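Remarks on the structure that follows.
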Amino acid sequence: MVNGDDRSSPIPAVLSSLVSGIRKVQLPRDSISMDALPAMRQTGMSPKKAHEVSRMAHYVLATIKVNAWDPKSLRIVDVGAGQVCMLLSV
């Protein structure tokens, strides 16, 4: 030990504990099916923005489904540029 540190461990205990805690609360990282994309042409979004919004909408819906949450009891906040793109997609 040097200055109270255990040099034999490659990761400090506090960092190892933090990583352990994060792993316990991480969301599933399964792939998300992109079969049915919402119609984005009416919103005036660029193709890039439509892709981003579509991916995020599918992620939000998949997360709700995986966790068996009641969608009516949730409040989803779209913090963006004020164009409510996510709200229109979910």
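Restricting attention to region 29-45 and to residues that are surrounded by 10 or more Cβ atoms within 10 Å (Cβ to Cβ) and at pLDDT 65 or above, the residue that is farthest from A68 (Cα to Cα) turns out to be G44. For region 61-73, the set of residues classified as aliphatic (A, V, I, L, M), more than 15 Å from R29 (Cβ to Cβ) and surrounded by 11 or more Cβ atoms within 10 Å (Cβ to Cβ) consists of L61, I64, listed by residue number.
The residues in region 1-18 that are surrounded by fewer than 10 Cβ atoms within 10 Å (Cβ to Cβ) and modelled with pLDDT of 70 or more can be counted, and the count is 2. Identify all residues within region 75-90 that are of a type outside the set (V, I, T) and either surrounded by 11 or more Cβ atoms within 10 Å (Cβ to Cβ) or modelled with pLDDT under 80 (or both); write none if there are none. Within region 75-90, D78, G80, A81, G82, Q83, C85, M86, L87, L88, S89 qualify.
The values are calculated or read from the model by the stated rules, or taken from the named source; none is laboratory data. Predicted, not measured: the structure shown is a model, and the values here were computed from it. Neighbour counts run over all protein chains shown; Cβ positions are idealised from the backbone, glycine included.
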